[in-house]
Amino acid sequence: MKKLLLTLGLALFLLPLALFLLPLACAKKPKTGDNMTSSKEVVEVSDYLGYIHSADTAEGLEHKYTAGSLRALAKALNGVSTKSGLSKGELIDKLDSLMSMADSLQTDPQSNKHPGEVRAAFLRATELMESLQGAKFPRNRDEVQAVRQAATDISADESALQQKPKIMAFFDKAGEALSAMVMNI
């Protein structure tokens, strides 16, 4: 009888404790991809991809689209470097330079110097990607090489409008390289 009372007393003591702890034990723990601070998410890269694939921005491929895409690319590169823990010391000047190059594309929309400026800006962006890739993303060499090829495909002697497919290919290749880097963070 004593054993029964002792067992019953213990059960009455443990029951409220179990009812309190059970919901905590059964709660779904967030997975890496379930929250906004996922290690595989860089908001600036998502913003960049959204910008370059937006029908509103790419429709006419004006200097505004190219400049805006370059700005978004610079922000995405900055986001990847931050998320990967890379010291930005050496990248800051190149990022600032890329932003200035993007700004100059919109200064005089009628300028015939733009194809050369676009090519130079694309090469500067490629240098930034190569710095990131060399420092933190050795597996993404091929993707970054594809970006360099797309940048060198731009001719300084042909109008930007005539090179619309090449310009869009550059931004697409840059997006692919950034996405691959994010997967390796």
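The numbers here are math on the coordinates, done by the rules we state, and not lab data. What you see is a predicted model; the values in this text were computed from it and never measured. No Cβ is skipped: glycine too gets one built from the backbone with ideal geometry, and neighbour counts run over all protein chains shown.
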> Which pairs in the list Lys64/Lys166; Lys136/Lys166; Lys94/Lys173 are over 23 Å apart, alpha-carbon to alpha-carbon?
Replying inline: Lys136/Lys166
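In debye to the nearest 20, how big a dipole does the range 68-185 give about its Cα centre with +1 on each Lys and Arg Cβ and -1 on each Asp and Glu Cβ? Don't jump to the answer; show the numbers that get you there.
Details: 15 positive and 15 negative charges, 71 e Å.
The calculated dipole for the range 68-185 is roughly 340 debye.
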>> Within 10 Å of each candidate Cβ there may be at most 16 other Cβ atoms; applying that plus a DSSP loop requirement, which GluC sites (Glu not before Pro) in the range 99-185 survive?
In response: Glu158
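For the range 73-185, what ratio Rg/Rh do Cα atoms give with a Kirkwood hydrodynamic radius? Kindly include the intermediate steps, with their values, before the conclusion.
Details: Rg = 14.0 Å, Rh = 14.3 Å.
Rg/Rh: 0.98.
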>> Show me the trypsin sites (Lys or Arg not before Pro) within the range 110-170 that DSSP assigns to loop and that have at most 16 other Cβ atoms within 10 Å of their Cβ.
In response: Lys113
